[in-house]
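J.: Mind having a look at this structure? Questions to follow.
The values are calculated or read from the model by the stated rules, or taken from the named source; none is laboratory data. Owing to the predicted nature of the structure, the values given are computational and were not obtained by experimental measurement. When we count neighbours, we look across all protein chains shown, and the Cβ atoms used for this are built from the backbone with ideal geometry, even at glycine. Quick note on the areas: whole protein, heavy atoms, side chains included, nothing else; ligands and nucleic acids left out. Shrake-Rupley method; radii C 1.70, N 1.55, O 1.52, S 1.80 Å.
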Amino acid sequence: MKIFLLPGLGYDERIFENLDFKDYAVEGLTWIEPEPAESLVPYARRMGKRILEEEEEVVLIGHSLGGILAQTLATLKKIPKIILISSIKSREELPWHFKMIAPLRLQYFFTKGLCLHTVKYWGKAHDLVTPSEQALFKSMVSRHTNTYLQWALKTLSIWEAPKLPATTGICQIHGTQDKTFPIKNIKKPTYVLENGSHILLYKSSEAVSAIIHK
């Protein structure tokens, strides 16, 4: 069995670095640059090429937007298990303000520079508390372009959950203090971690690792 890790919007594979996968074969994916006007399915084919070509049984672990990408890939290849971490499984779980981004074209106001220069103001509220945590976040965001960040935000805004095969099981892990996707919107999560934030996989890694192995 091969495990593929799909990071959230603006993050990279380092967001998974505190998780313990024991002896499993694990590969982290990195967001690629979108083509002009590219929709999620063709983008998923390109970014997930290694997954789609993998001959072993595949399990996908997706954080935030990576969980949305994982669900898209499950429509292109038989995936027995998806583990969503701080992610959503339906449009009903998406907060209303995200839904307004694409219609109002607000994604164009979201730039890498804005994100990097303002994290010191909003970071602590989203559990980026220490200087090292904020530095890691800045390092991850710095790897991306404005084109990708704006494409990703628009993609999230217009996302409609695909119909997954009955053979694909979903395990949804969510924290009670998630400020991005509030727990009140999440319908019947599989596991709820008290005081877990949107980056609970990084800050509550021991508990998340135990759930993954279970």
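J.: Show me the ranking of peptides 92-99, 11-18, 26-33 by mean Cβ neighbours inside 10 Å, starting with the highest.
T.: Final packing ranking: 11-18, 26-33, 92-99.
J.: Roughly what would the spin-label model give for Thr167 and Ala102, points 7 Å off Cα along C-beta, in nm?
T.: My value for the distance between the label points is 2.9 nm.
J.: Another question, if that's okay. Tell me the Kirkwood radius of region 17-131: reciprocal of the mean inverse pair distance over distinct alpha-carbon atoms, in Å.
T.: One over the average 1/r among Cα pairs gives 16.7 Å for region 17-131.
J.: Between Asn18 and Leu116, what is 0.36 nm times their sequence separation minus the Cα-Cα distance? Round to one decimal in nm.
T.: Gain on extension, Asn18 to Leu116, equals 33.0 nm.
J.: Arrange the peptides 103-113, 150-160 so that the one whose residues have, on average, the most other Cβ atoms within 10 Å appears first.
T.: Result, highest mean Cβ count within 10 Å first: 150-160, 103-113.
J.: Right, something else. Just to be sure I understand the model, the point goes 7 Å from the Cα along the line to the Cβ. What's the resulting Glu92 to Glu56 distance in nm?
T.: 3.7
J.: For the chain, what does the helix formula give at 222 nm: sum of -39500 (n - 2.57) over DSSP H segments with n ≥ 4, over the residue count, nearest 500 deg cm²/dmol?
T.: So the calculated ellipticity at 222 nm is -9500 deg cm²/dmol.
J.: Which residue, Thr147, Thr130, Thr176, has the most motion in a Gaussian network model of the chain that connects Cα atoms within less than 10 Å?
T.: Maximum among the listed residues: Thr130.
J.: From the gyration tensor of the Cα coordinates in region 137-213, what semi-axes in whole Å does the equivalent ellipsoid have, largest first, with each one equal to sqrt(5λ)?
T.: 24, 20, 13
J.: Counting only the backbone N, which residues of region 85-104 are under 14 Å from the spot 7 Å out from the Cα of Ile211 toward its beta-carbon?
T.: Residues 85-89 fall inside that zone.
J.: Considering only protein heavy atoms and a probe of 1.4 Å, how much of the accessible area of the chain is carbon and sulfur, as a whole percent?
T.: Answer for the chain is 55 percent, counting heavy atoms of protein chains only.
J.: Can you tell me the Rg and Dmax of region 92-151, counting just the alpha carbons, in angstroms?
T.: For region 92-151, the Cα-based Rg and Dmax read 12.9, 36 Å.
J.: Among the lysines, select those whose C-alpha is under 28 Å from the C-alpha of Lys2, and discard any that sit fewer than 8 residues away in the same chain.
T.: In chain and number order, the partners are Lys22, Lys49, Lys77, Lys78, Lys81, Lys89, Lys163, Lys188, Lys203, Lys214.
J.: So what's the Cα pair-distance distribution over region 1-60, bin width 10 Å, in %?
T.: For region 1-60, the pair-distance distribution reads 20, 49, 27, 4.
J.: Give me the dipole magnitude in Debye, nearest 20, for region 78-214 about the Cα centre, with unit charges on the beta carbon: positive for Lys and Arg, negative for Asp and Glu.
T.: It comes to approximately 340 debye.
J.: Moving on to the next point. Can you bin every Cα-Cα distance in the chain into 5 Å intervals starting at zero and give me the percent of pairs per bin, rounded to whole numbers?
T.: The calculated distribution, bin by bin, is 1, 7, 15, 21, 22, 18, 11, 4, 1, 0.
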